[in-house]
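The values are calculated or read from the model by the stated rules, or taken from the named source; none is laboratory data. Only a predicted model underlies this, so the values are computations on that prediction, with no experimental measurement involved. A quick note on method: Cβ atoms are made from the backbone with ideal geometry, for glycine too, and the neighbour counts reach across all protein chains shown.
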Amino acid sequence: MPELGAHVSAAGGPQRAPERGQEIGCDCIQVFTRNQRSWKVKPITTEEATAFRQAREQYGIGAVMSHASYLINLASPDADKHTKSADALAAELERCHQLGIEYLNFHPGAHMQAGVDAGIETIAATLNTLCRNTPEKTDVRLVLENVAGQGSTVGADFRELAAILAQLEAPERFGVCIDTAHAFAAGYALHTVEGWEAMWQAFEEHMGMDRLVGLHLNDSRPGCGSRKDRHALIGRGAIGPEAFQRAVTDPRTRDLPQFLETPAGPAGWAEEIRWLRACSKGDTPALPEIEDQGINL
Ligand SMILES: [Zn+2]
Ligand SMILES: [Zn+2]
């Protein structure tokens, strides 16, 4: 059975997040350990780190994933922006290490005009430097997330993620998280049984299933292959409910932590988690009636 959860708010400090997760029935949670729209970050205090570990224990939260700032672009050809991004990811890793968060999820980056191969090389080189500088932080798994393929972003096609992994000096420190909405936008037709199969076959072929550490469960507003990143409520977008029933029952994915980033908001996530949990037990209940809160994570 999967651990099911959602991206919960860390307003007031990360130590506030586990309770918010428990309130809506999360087994696992995703958080931002910082304001993801600002470069300025205040450091984690020892008190905050202790409080976070205690809260996680107290509220029975399993896996915790941190989502890195959207400002980070590890493939930036601009020296200044690249340095800022590399430093910011290093700071994110330090925060996860302090808080005892085991997964740091990030988007590979956007090559701008430099080309996909140059982008892949820059991303891998940046990650290699990060790993060389942090040999003591192997408790945090660095997690590459697939993207929708908007603009010049790298990592929509699984072969691009595999190419990054192939250039890493410490590949054992890395995992991959698949966002269902992004995969669908990238052209993986996971709404059909055949497309779902083909997607995981591609994953297995290029990276091996043991790379997969979790899923972001999101339906998609735009259609398959749109390369646009717009999340929809589970079962209410162009993907539809069956793919999510497969996510929680397929032996390749059913034991992984799965995080909602849909526009449902906390009350709606509670309903979506309940629906997914029922599906994981083999039931097929009707989709919950919830309102789209217009949140875009
Ligand atoms: Zn993401
Ligand atoms: Zn997205």
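Mind checking whether some residue in the stretch 229-243 is within 15 Å of ligand 2 (Cβ to nearest atom), assigned to a strand (DSSP E or B) and more than 29 Å from Glu19 (Cβ to Cβ)? Spell out how you get there, then give the answer.
Going residue by residue through the stretch 229-243, those that are within 15 Å of ligand 2 (Cβ to nearest atom) are 229-234, 237-239.
Then keep just the ones that are assigned to a strand (DSSP E or B); that gives 231-232.
Those left that are additionally more than 29 Å from Glu19 (Cβ to Cβ): none.
No, the stretch 229-243 contains no residue that is within 15 Å of ligand 2 (Cβ to nearest atom), assigned to a strand (DSSP E or B) and more than 29 Å from Glu19 (Cβ to Cβ).
In the stretch 165-182, what residues are polar (S, T, N, Q) and either surrounded by fewer than 20 Cβ atoms within 10 Å (Cβ to Cβ) or closer than 21 Å to Leu93 by Cβ (or both)? Full working, then the answer.
Let us first name the residues in the stretch 165-182 that are polar (S, T, N, Q), namely 167, 180.
Hit for the stretch 165-182 is Gln167, nothing else.
Taking only pairs six or more apart or across chains, which ones have beta-carbon atoms under 6 Å, a first residue in the stretch 272-297 that is in contact (Cβ under 8 Å) with a residue 24 or more places away in the chain, and a second residue that is part of a loop (DSSP other than H, G, I, E, B) and of a type in the set (Asp, Glu)?
As it stands, the answer is Leu297/Glu261, since those pairs meet every condition given.
Would you check if there is a residue in the stretch 288-296 being touching a Cys at 6+ places or on another chain (Cβ under 6 Å) and either modelled with pLDDT of 95 or more or within 16 Å of ligand 1 (Cβ to nearest atom) (or both)?
Residues of the stretch 288-296 that are touching a Cys at 6+ places or on another chain (Cβ under 6 Å), as a first pass: none.
Checked the stretch 288-296: no residue is touching a Cys at 6+ places or on another chain (Cβ under 6 Å) and either modelled with pLDDT of 95 or more or within 16 Å of ligand 1 (Cβ to nearest atom) (or both).
Got at least one residue in the stretch 131-145 being assigned to a loop (DSSP other than H, G, I, E, B), surrounded by 15 or more Cβ atoms within 10 Å (Cβ to Cβ) and not β-branched (Val, Ile, Thr)?
As a first pass, look at the stretch 131-145 and keep what is assigned to a loop (DSSP other than H, G, I, E, B): 134-140.
Retained after the next criterion (residues that are surrounded by 15 or more Cβ atoms within 10 Å (Cβ to Cβ)): 134, 137, 140.
In the following step, the residues that additionally are not β-branched (Val, Ile, Thr) were identified as 137.
The answer is yes, given that some residue of the stretch 131-145 is assigned to a loop (DSSP other than H, G, I, E, B), surrounded by 15 or more Cβ atoms within 10 Å (Cβ to Cβ) and not β-branched (Val, Ile, Thr).
Which pairs have Cβ atoms under 8 Å, sit 6 or more apart or on different chains, and link a residue in the stretch 202-219 that is farther than 16 Å from Gly240 by Cα to one that is within 16 Å of ligand 2 (Cβ to nearest atom) and of a type in the set (Phe, Trp, Tyr)?
Ala202/Tyr188; Gly214/Phe259; Leu215/Phe259
For the stretch 185-216, enumerate the residues that are within 14 Å of ligand 1 (Cβ to nearest atom), under 16 Å from Ala148 (Cα atoms) and of a type in the set (A, V, I, L, M, F, W, C). Give the steps one after another, and end with the answer.
Let us first name the residues in the stretch 185-216 that are within 14 Å of ligand 1 (Cβ to nearest atom), namely 185-186, 213-216.
Next, only the ones that are under 16 Å from Ala148 (Cα atoms) stay: 185-186, 215-216.
If the condition is that a residue be within 14 Å of ligand 1 (Cβ to nearest atom), under 16 Å from Ala148 (Cα atoms) and of a type in the set (A, V, I, L, M, F, W, C), then Ala185, Ala186, Leu215 are the ones that fit.
Report, by residue number, each residue of the stretch 20-51 that is crowded, with 20+ Cβ neighbours inside 10 Å and within 20 Å of the chain's Cα centre (by Cα).
Within the stretch 20-51, Arg20, Gly21, Ile24, Cys26, Cys28, Ile29, Gln30, Val31, Phe32, Thr33, Arg34 meet the criteria.
Give the stretch 105-120 a look and list any residue that's in contact with a Ser or Thr (Cβ under 9 Å, 6 or more places away or on another chain) and either free of Cβ contacts under 8 Å to residues at least 12 places away in the same chain or among the aliphatic types (A, V, I, L, M) (or both), or say none. Lay out the reasoning, then the answer.
Step one: filter the stretch 105-120 for residues in contact with a Ser or Thr (Cβ under 9 Å, 6 or more places away or on another chain), giving 105-116, 119.
Listed by number, the residues that qualify are Ala110, Met112, Ala114, Gly115, Val116.
Across the stretch 208-228, what is the total count of residues that are more than 25 Å from Val64 (Cβ to Cβ) and either more than 16 Å from ligand 2 (Cβ to nearest atom) or crowded, with 24+ Cβ neighbours inside 10 Å (or both)?
Step one: list which residues in the stretch 208-228 are more than 25 Å from Val64 (Cβ to Cβ), which gives 220-228.
Applying the additional criterion that residues be either more than 16 Å from ligand 2 (Cβ to nearest atom) or crowded, with 24+ Cβ neighbours inside 10 Å (or both) yields 220.
Count: 1.
Only one of Ser66, Ser85, Ser76 is closer than 21 Å to Gln258 by Cα and either among the aromatic types (Phe, Trp, Tyr) or touching a residue at least 12 places away in the same chain (Cβ under 8 Å) (or both). Can you tell me which?
Values: Ser85 fails: closer than 21 Å to Gln258 by Cα; Ser76 fails: closer than 21 Å to Gln258 by Cα.
Matching residue, one of Ser66, Ser85, Ser76: Ser66.
Take the stretch 138-160 and flag every residue that is touching a residue at least 60 places away in the same chain (Cβ under 8 Å), within 14 Å of the chain's Cα centre (by Cα) and away from ligand 1 (no atom under 13 Å from the Cβ).
Arg141
Checking the conditions here, which among Ala189, Ala198, Ala185, Ala162 is closer than 25 Å to Asp255 by Cα, of a type in the set (A, V, I, L, M) and buried (at least 23 other Cβ atoms within 10 Å of the Cβ)? Spell out how you get there, then give the answer.
Values: Ala189 fails: buried (at least 23 other Cβ atoms within 10 Å of the Cβ); Ala198 fails: buried (at least 23 other Cβ atoms within 10 Å of the Cβ); Ala162 fails: buried (at least 23 other Cβ atoms within 10 Å of the Cβ).
Sole residue among the options that is closer than 25 Å to Asp255 by Cα, of a type in the set (A, V, I, L, M) and buried (at least 23 other Cβ atoms within 10 Å of the Cβ): Ala185.
I need the full set of residues from the stretch 118-162 which are touching a His at 6+ places or on another chain (Cβ under 9 Å), within 16 Å of ligand 2 (Cβ to nearest atom) and of a type in the set (A, V, I, L, M, F, W, C), in order please.
Answer for the stretch 118-162, where residues must be touching a His at 6+ places or on another chain (Cβ under 9 Å), within 16 Å of ligand 2 (Cβ to nearest atom) and of a type in the set (A, V, I, L, M, F, W, C): Leu144, Val147, Ala148, Val154, Ala156, Leu161.
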